[in-house]
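J.: Encoded as structure tokens, here's the structure I'll be asking about.
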């Protein structure tokens, strides 16, 4: 992958703090978009290694090089675990990448996407077609420009799968990682309902990863973490599926394979075989899940990313 | 993990180029050792996130924070796949970390460690006890200060497991990743013999990872890649096990569990459950293994890391 | 000057190599323009410390914070040394900053600006008004889009002052720093004619600075270096005035003061007092000017910046 | 100066924040010393561009490449302005660089050096001989390990010149930049006495530079700022001479030349000619000295460097 067009890291760079004492530099060939929406600073840049990158408030949200890994990991383990996901709610995900994966399941009849920031959707529509593939135009899709928590509080709808595709817990978005919020989500799930969220990196942000796990465990009886390496994030990344009825770990690869065929889904990363392996974690991460020094996240004391 | 001792990346840093257009900065609290051996530049530094780090020619080799992930991943999948690994050869690994993992198996009767650089061993003995835990003093261990390839050419010994714990293929070390070298290794294996090597990162150095896979496939009938996230490397890292008789993918978790008990091994990362999941790869990496544009590495045209 | 809007260097950065082992990082708040002209990559970015910065091929050309220091230093020492600069040629300087300074002298009747890159002028007109203050519209100004050397070869005009406001000597622009080029310039000077150029940094690029000095000394009998600290360059910067008839070092501050009044010039950095002090150099730089290991720059072997 | 030994900024680096949004990276070839004294973190490193660098708490104090510029600029303008500097006090300066310059004046009979940190002196004696040239052993020198302010409070001695060679105003050292401290210094000066201090960078730390100027102006009737470019600092640096009787600006170059000869001083940077030019400042810095928004530094509200 190393490009031959430059012999050193120079010119425009994207610098991201991963921890207080660790950071990375990504060379930028071209700035495609740079602006500030009502809520956040947004850049779309082009890098030799990762193609287009979407940055929100200076943190990478996705790259065209590996968004399929992130979005397939976020969406398919829960959708394939569900016997018939007809109605799906996505909170966040204004780039349309999760939406595009959800719509691949032909059993899906309705997807509601709720994002606070209208402009993120507009910018994505214009500059990130390779991510969402015009999923916004699918007639099964409804879009609400609204705070995700508010939407969940006011809606009477119920969903089979809820996908939380949020920015890291910090400031306002921390309200979307608390026990109170997960209870709201649970109240909007059909029986057999499943919720899935990304959940930070297991070593570098272990406290936050474990807090999300423990907080979901307060509300749901089945909570299953799994991970994926997202090169453009510079970190291994965790996801969690939670439910009261469906255990994704006990869905066999043969059943997944059958659902793949029935639903006409094509993937580049996720597979029936991978599904089975996904929920086996190494010993150190299993130990981390038992940490007693990590609190449950609440509206009163929400966990936040430290950087 | 973020340390509260500093609010910004400052002072002494370790900067590592991951690709031509991607790099990372690691803050350094203390330089424990800095010098040049006969063969390479060596530093041992202390960082807030990763503890002590061993740098060779400016590239991180291990950190005390996560060397157990690297060394357990390198050593145990092959040793546990082998029914009775009595005689083990480690080429490279002068830090003693792989050695310490090998010696955990009480069936091991003899370990030969061959490293070109005597001083690396001396420096590790002095500064990296938490890595090797004085494994060098175990009476089962013999150490040869010698080029690994030369040793394999001249020795008459045969081994049950050969572990290649080498610096990345570049310059001299590229000779330890070629089809000719792997044939030499094969000639020094007992029946049931297994060889294992680390094999670069699957996206960022995909060409090199696939080349190692294809090169081993020229020599061995069973070749199994698997991966692990090593935080201090900044990259997901691949390993490959090769053999003509033993397929690690078909060793059940129950058999592994039995061997754990028989051999008295304690681990922090690797487990019988993980062993089974380890060899399931996502679709994109399976596709990459079929790339036809990647050549087999030969003495005449060895593959090398591009940075 | 440190801004309170951020607690660390993060997000978008501008990274500039100053030498092979020295570089700097400048935080960027906003990318105002990013594109590639026929000849070069151009960015206009906004930084907390330096305001808008114009980058060409990843190297800073000016900032709105301190362009007055650069442009006043480039223009006024020669224009004020000349008794009556009526006709001025600027080669390069497509940003209009030198032009604006020249036009402050009401004795100037005609300024010819020659820049290879039409788009640089267009971009500057649009985004850098605080630099050129619409100087392009002054009726005394003619603009030629043309290689500077070609223009000098073909023109029959003669000038009182020639100002070389060029990118660093590298590739094509190295042809504008050679003894052959300076001879062409000399042939286009009126009697009393003066040429001035910036000439790199005196320690970090000492070889290049001295080469320009020695090359001008081959062609002109009076060659006077002087310097200024340009914060946004990260380096102290040298300039050189050359002439066969006028020695800027012997123009008294009283004469400069008189010319200031006659010509109605207002400055923010340069002054009659400073003019006198400007040409006094420290001992180490005077020594450097005598270096015998630095060649004269010729078309056959032009000096180039090493980065 | 660019070294040919490396093609990119890699391996060990020294990163220094110059402002909140500006920093620089200096490649390090070798770490010569790394440790923590009772008071501060100290490193001596070797860089391709600047030779050995002394870092205190992660900020560069000097380099062997250009310490002569800093130390000659700090010492000689005041010592040469004084008709007969027999007794000199240096506060700070534990590296011995200022000491070495002072001792070049054969009229000097006694130098008292007061530094809080005994270990800095020991480390400098061992590793920085090219800076101090064993000046510590000169029989005219007395060393006191003591807080500089305390020393001034308790001593009954009087001095002809006091040289403040301090770390930047921050925390404890801010007490050595206040009006109360300067009054103490004044009380320890002989008639004709002079004090000199470095005083930060004129644009990037303009507020602090001006504060030091205004604070000295509260205590002394003659206050003269001047500057020098110190490549290894990455910034142009200011100094200030203050006195009630001697105006360095009115000492002619001929008188300086005479004193050079009488006192047997040899320099590499400073010269009689430079002395005259030194005190001429550009218009923008003269304007800055009149800023009314910058307070005098007092014990109650000391100014501090913002980073």
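J.: Put the label 7 Å from Cα along Cα→Cβ for residue A:283; what are its distances to the other copies, in nanometres, shortest first?
T.: 3.5, 6.9, 7.5
J.: Roughly what % antiparallel, to the nearest 5, for the DSSP beta bridges in the protein assembly as shown?
T.: Numbers: 164 of 244 bridges.
For the protein assembly as shown, the DSSP antiparallel bridge percentage is about 65.
J.: Let me ask something else about it. Kirkwood hydrodynamic radius (Cα pairs, Å) of the range B:145-271? Each step should come with its number before you reach the end.
T.: Working: mean 1/r = 0.0632 Å⁻¹.
Averaging 1/r across every pair of different Cα atoms and inverting gives 15.8 Å.
J.: Add -39500 (n - 2.57) for each DSSP H run of 4 or more in chain A, then divide by its residues: what number comes out at 222 nm, to the nearest 500 deg cm²/dmol? Each step should come with its number before you reach the end.
T.: On the way: 10 runs with 90 residues, N = 307.
Mean residue ellipticity at 222 nm (helix-derived): -8500 deg cm²/dmol.
J.: Please find the FRET efficiency linking residue A:155 to residue A:300, where r is the Cβ-Cβ separation and R0 is fixed at 25 Å, and quote it to the nearest 0.05. Can you show the working numbers first?
T.: On the way: r = 24 Å, r/R0 = 0.98.
Efficiency for this residue pair is about 0.55.
J.: What is the range B:13-61 by shape, rounded, prolate or oblate, if you read a ≥ b ≥ c off the alpha carbon gyration tensor as root eigenvalues and call it rounded for a/c under 1.5, prolate for a/b larger than b/c, and oblate otherwise? Please report the intermediate quantities before stating the final value.
T.: Details: a/c = 2.51, a/b = 1.13, b/c = 2.23.
Since a/c reaches 1.5 but b/c is at least a/b, the shape of the range B:13-61 is classed as oblate.
J.: Which distances, in nm and shortest first, link the residue C:156 label point to the same label point in every other copy, taking 7 Å along Cα→Cβ?
T.: Relative to the other copies, residue C:156 has label-point distances of 9.0, 9.1, 9.6 nm.
J.: May I have the pair-distance distribution P(r) for the range C:229-270, computed from all Cα-Cα distances with 10 Å bins from 0 and rounded to whole percent?
T.: All Cα pairs considered, the percentages come to 20, 37, 37, 6.
J.: As a test, work out the antiparallel percent of DSSP beta bridges whose residues both lie in the range C:13-62, rounded to the nearest 5. Numbers along the way, then the final one.
T.: Numbers: 21 of 21 bridges.
Around 100 percent of the beta bridges assigned by DSSP in the range C:13-62 are antiparallel ones.
J.: Between residue D:252 and residue B:41, take the C-beta separation as r, use R0 = 51 Å, and let me know the FRET efficiency to the nearest 0.05. Provide the component values of the computation, followed by the final result.
T.: Values: r = 54 Å, r/R0 = 1.06.
Efficiency, rounded to the nearest 0.05: 0.40.
J.: Where the centroid of each part is defined by its Cα atoms, how far is the range D:68-126 from the range D:141-206 in Å?
T.: 13
J.: List the pair-distance distribution P(r) of the protein assembly as shown, using every Cα-Cα distance, as the percent of pairs falling in each 20 Å bin from 0 up to the bin containing the longest distance, rounded to whole percents.
T.: Reading upward from the zero bin: 10, 34, 33, 19, 3, 0.
J.: I would also like to ask the following. Can you give the translational diffusion coefficient of the range B:250-307 in µm²/s, computed by Stokes-Einstein from the Kirkwood radius over Cα pairs at 25 °C and 0.890 mPa s? Before the final figure, lay out each step's value.
T.: On the way: Rh = 14.9 Å.
Answer from the Stokes-Einstein relation: 164 µm²/s.
J.: Of the beta bridges DSSP finds with both residues in the range A:67-288, what % are antiparallel, to the nearest 5? Could the numbers behind the result be given before it?
T.: Working: 14 of 34 bridges.
The antiparallel proportion sits near 40 percent.
J.: Pick from C:165, C:138, C:66: which is most flexible by mean-square fluctuation in a GNM of chain C where alpha carbon atoms under 10 Å apart are linked?
T.: Sorting by GNM fluctuation, first place goes to C:138.
J.: Further question: Quickly work out the residue B:175-to-residue D:109 label distance, labels modelled 7 Å from Cα along the C-beta direction, and quote it in nm with one decimal.
T.: 7.3
J.: Once you order the gyration tensor axes a ≥ b ≥ c over the Cα atoms, which shape class does the range D:1-119 get: rounded for a/c under 1.5, otherwise prolate or oblate by comparing a/b with b/c? Write out the running numbers ahead of the final one.
T.: Details: a/c = 2.48, a/b = 1.85, b/c = 1.34.
Because a/c hits 1.5 or more and a/b exceeds b/c, the range D:1-119 counts as prolate.
J.: Could you please rank C:188, C:259, placing first whichever residue has the fewest other Cβ atoms within 10 Å of its Cβ?
T.: Details: C:188 18, C:259 22.
Ordered by Cβ neighbours within 10 Å, fewest first: C:188, C:259.
J.: Compare C:193, C:58, C:35 in a GNM of chain C, Cα atoms joined below 10 Å, and give the one with the largest fluctuation.
T.: C:35
J.: Taking 1 over the mean of 1/r across every pair of different Cα atoms in the range B:67-288, what Kirkwood radius in Å do you get? Numbers along the way, then the final one.
T.: Values: mean 1/r = 0.0577 Å⁻¹.
It works out to 17.3 Å.
J.: State, to one decimal in nm and shortest first, how far the label point of residue A:263 sits from each corresponding label point in the other identical copies (label point: 7 angstrom along Cα-to-Cβ).
T.: In nanometres, ordered from closest: 4.0, 7.6, 8.5.
J.: Once you put a point 7 Å from the Cα of residue C:190 and another 7 Å from the Cα of residue B:146, both along the Cβ direction, what distance in nm separates them?
T.: Computed distance between label sites residue C:190 and residue B:146 equals 8.6 nm.
J.: Hey, another quick one. Who wins for biggest fluctuation among A:81, A:252, A:63 in a Gaussian network model of chain A, springs between alpha carbons below 10 Å?
T.: Judging by the Gaussian network model, the answer is A:252.
None of the figures in this text is laboratory data; all of them are computed from the coordinates on show. Quick caveat: nothing in here was measured; it's all calculated off a predicted structure. Cβ: placed from backbone, ideal geometry, glycine included. Neighbour counts: every protein chain shown.
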